[in-house]
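Encoded as structure tokens, the structure appears first; notes follow it.
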Amino acid sequence: MYKVILPFRYLFKKRISYLALVAVALCVFIVVVVMTVMTGLVRDFKQKNHSFVGDCVVGTESLVGFSYYEDFMKVLEQADFIEGLSAAIKNYALINPKGSQRSVGVEIMGIDPVRHSEATGFGETLHYSKSDVSRTFKPSYDPNLAGCVVGIDLWLGRDAKGQYTYAAKPERQALGVSCFPLTPKGALAKAGAGEVNTKTFYYSDTSHSGLARVDSSFVYLPFEQAQSLCGMDRPVKRASWLHIKFGPNVKPEAGCEKVALLWRQFVRGKGAGLLDTVKVQSWKDYRRPFIAAMEKEQTMLTAMFVLVGVTTVFIVLVVFYMIISHKSKDIGVLKSVGISNSNILLLFLCFAFWVGVFGSAIGAAAGWQFLVHINQIENWLFEHFEFQLWDRTIYAIGDIPNTIDLEVLAVIIVSAIGACLAGALIPSWQAARQKPVEILQVTQL
Amino acid sequence: MSTDDFILKAEGIYKSYRMGTAEVRVLKGADLAAKEGEFLAIVGASGSGKSTLLHILGALDKPDKGIVRFEGRNLSEASEGQLNHFRNKMVGFVFQFYHLLDELNVLENVLLPAMAGTGVVGWLSRRRLAKSRAKKLLSEVGLDERANHKPYQLSGGERQRTAIARALMNEPKILLVDEPTGNLDSETGNGILKVFEKLNRAGETIVMVTHDEGIAQRAGRIIALADGKIEHKVNL
């Protein structure tokens, strides 16, 4: 029973214990807040990438694209695990707003907006035609013109709060889009002639995917026109990628494996060498170059928090050395009433356990409250001191992520308690090994 | 007198300490025996090894050489667990500086040996009984009104009486008392000695060490420790 009573008394009656409590609480607070924000950013970034790509893609990075895509789409349409399927043309181009001398290098993406919205989250990124994606490429000012959707950061600027200012209707604006068409073997299709294909499109909407690189460099065009512009409509029709969305109960990895199997069977039937460059990839693998950088940052941050943990262990160790040196008389008395070495060790480890429990509870509660109000705090700081954690005119961040992952929270709390036990282990062990007679005699001197 | 007549017997106890490079030989073959129900005082000058002998008798320390027998059993052959049980159930210590735990109140300090001797589950079943005994002991030493006070709120005499109640909590067969009045004024010290006399009259075996021969006179038998040995024995 003393193992229950004494640790609590040491915890609440010794001021030095508060130092350990505060150290643990602070460490937990910092880790909870930073991990939540960072995890939220990574999760948000992954969700946006997932939404941009769909569950799976089949295609090639080659600007030439791949042929027989329509045949393979027919195969995929037969598969019951696929819910959405869209072919896309991807290439590079120059855009030139009519009446301007300015040309901008962009990536163009040719899509069927309805099918692409079924396979990806494209429809949700639109502003004017979100409710009716079939009108995406039909400018409201003249539906007969060939419309185009422009990445929002190519078209609009953000205010200090990160908001875009949209006109009530899209303004009439013509864009010249120039592309180098390539043959199926990668040669310039118009070598020696005009070399470039140029076509005029009219601004019909903007796309706000939340992915900075996409929103600042993508222009979406109607599929057939992009295919023609890139020379991928002859001699055989080609596409760059097929975007696939699986049914609700299909795991992306399992779905991708099924698609890969279908693709291998399809290629065997065709025997076409040009299909060698085509890959079946999950959305994660497809966007790996972008996601990996952020995941590495998160891993690095986690590694840095290990250092915070080491610091906590050290602080607890120092505090426990101080507490135990002050409590040597108690240890002598406890041993004189028959308490064993192992129970003395357990007594101080119980003390450390409760320091960890209360410290991490305080830190987690404070972190929780801070996160709940983090956006209000940031808004207040912006209004009064013009301070922003992320400059909303630059970064595509609306609110600071503040959804606490309970699993992460549990790991942090358990780690904090573990750090306390680790920090207290050596002093507790030394306390247990003290000889009562030495302690009591020294005290008497 | 056979071995069985003594509750506690020490034979040829040697103990030395190392102080830097020098070895200080404190006990050089001390012999001692205490009968059940006896009030035995060990007198000796400061540094004569009285406290060391008392700690060895109570299994708080081990002799370099020699045997301590408690009820005929050799303590040097006991396991660590058996020694813990011995300290918890068979002996009660009273120290000169009381050594009460500051974080516990008077009642909890008295209950400490009972708590130490049982786990949480066992404690829950015998808590009421233990509390009742602790309160009775506090009443016997005149501290029933101070049960909820903290040690720092007590006088020196009250602290020592709390320490005596703690030592008696598990109904030990012998009390080992180290300079019980060394830190008290004579009137308070006299009160403490009266408590020991009362306990002894009730059958408690007491071994007390003191440097004060006047205090030792209160015991039933006095032995002197000098130069690491029991030098002469005085039967009053």
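Remarks
- Verdict on A:Val355 being within 40 Å of the chain's Cα centre (by Cα) and not in a loop (DSSP other than H, G, I, E, B): yes
- Total residues in segment B:105-114, condition over 25 Å from A:Ser17 (Cα atoms) and either at pLDDT below 90 or within 7 Å of chain A (Cβ to nearest Cβ) (or both): 1
- Residue in segment A:357-368 that is without any contact (Cβ under 8 Å) to a residue 40 or more places away in the chain and either farther than 20 Å from B:Asn109 by Cβ or within 14 Å of chain B (Cβ to nearest Cβ) (or both) present: yes
- Qualifying residue in segment A:21-32 (condition: over 32 Å from the mean Cα position of the chain (by Cα) and either assigned to a helix (DSSP H, G or I) or within 14 Å of chain B (Cβ to nearest Cβ) (or both)): yes
- Look at (1) part of a strand (DSSP E or B); (2) more than 7 Å from chain A (Cβ to nearest Cβ) and you find that B:Phe93 fails only one, number (2).
- Residue that is nearest to B:Lys194 (Cα to Cα) [pool: residues in segment B:141-155 that are in contact (Cβ under 8 Å) with a residue 40 or more places away in the chain and in a helix (DSSP H, G or I)]: B:Arg146
- Matching strands (runs of 3 or more DSSP E) fully within segment B:164-236 where at least 2 residues are touching a residue at least 40 places away in the same chain (Cβ under 8 Å) and either over 12 Å from B:Leu40 (Cα atoms) or polar (S, T, N, Q) (or both): B:205-210, B:221-226, B:229-235
- Residue ID - surrounded by the fewest Cβ atoms within 10 Å (Cβ to Cβ), chosen from residues in segment B:77-109 that are closer than 26 Å to B:Arg25 by Cβ and in contact with a strand residue (DSSP E or B) (Cβ under 6 Å, 6 or more places away or on another chain): B:Gln96
- A Cβ distance below 9 Å, combined with a sequence gap of six or more or placement on separate chains, defines the contacts here; from segment B:115-130, residues that are more than 9 Å from chain A (Cβ to nearest Cβ) reach residues that are assigned to a helix (DSSP H, G or I) in the pairs B:Arg126/B:Ala114; B:Leu129/B:Ala114; B:Ala130/B:Leu111; B:Ala130/B:Ala114; B:Ala130/B:Met115; B:Ala130/B:Trp123.
- In segment A:306-352, of all residues being surrounded by fewer than 19 Cβ atoms within 10 Å (Cβ to Cβ), within 14 Å of chain B (Cβ to nearest Cβ) and among the small types (Gly, Ala, Ser), the one that is farthest from A:Ala416 (Cα to Cα) corresponds to A:Ser328.
- Looking only at segment A:360-371, and only at residues there that are out of contact with any Ser or Thr (no Cβ under 9 Å at 6 or more places or on another chain) and surrounded by 18 or more Cβ atoms within 10 Å (Cβ to Cβ), the one that is nearest to A:Val437 (Cα to Cα): A:Gly363
- Scanning segment A:1-20 for residues being crowded, with 18+ Cβ neighbours inside 10 Å, within 14 Å of another protein chain (Cβ to nearest Cβ) and under 30 Å from A:Val372 (Cα atoms) gives a total of 2.
- Residue within segment B:141-160 that is touching a Pro at 6+ places or on another chain (Cβ under 7 Å) and either farther than 21 Å from A:Ile339 by Cα or surrounded by 22 or more Cβ atoms within 10 Å (Cβ to Cβ) (or both) present: yes
- Within segment A:235-256, if we keep just the residues that are in a helix (DSSP H, G or I) and small (Gly, Ala, Ser), the residue that is farthest from A:Glu61 (Cα to Cα) turns out to be A:Ala254.
- From the options A:Asp132, A:Asp159, A:Asp153, residue that is touching a residue at least 24 places away in the same chain (Cβ under 8 Å), surrounded by fewer than 15 Cβ atoms within 10 Å (Cβ to Cβ) and assigned by TED's automatic domain parsing to the domain that holds A:Lys98: A:Asp159
- Residue check for A:Ser86: within 14 Å of chain B (Cβ to nearest Cβ), polar (S, T, N, Q) and touching a Phe, Trp or Tyr at 6+ places or on another chain (Cβ under 9 Å): no
- Flag if B:Pro63 is more than 10 Å from chain A (Cβ to nearest Cβ) and of a type outside the set (Asp, Glu): yes
- Members of segment B:110-140 that are surrounded by 15 or more Cβ atoms within 10 Å (Cβ to Cβ) and among the polar types (S, T, N, Q): B:Thr118
- Residue count for segment A:385-444 satisfying the condition of being outside any helix (DSSP H, G or I), aromatic (Phe, Trp, Tyr) and at pLDDT 75 or above: 1.
- As a summary of the residue check, B:Asp102 satisfies the conditions (1) within 14 Å of another protein chain (Cβ to nearest Cβ); (2) in contact (Cβ under 8 Å) with a residue 60 or more places away in the chain; (3) of a type in the set (Asp, Glu) except for the one numbered (2).
The values are calculated or read from the model by the stated rules, or taken from the named source; none is laboratory data. Remember, it's a predicted structure, so these values are computed and weren't measured experimentally. Using ideal geometry, Cβ is built from the backbone for each residue, glycine included, and neighbour counts are taken over all protein chains shown.
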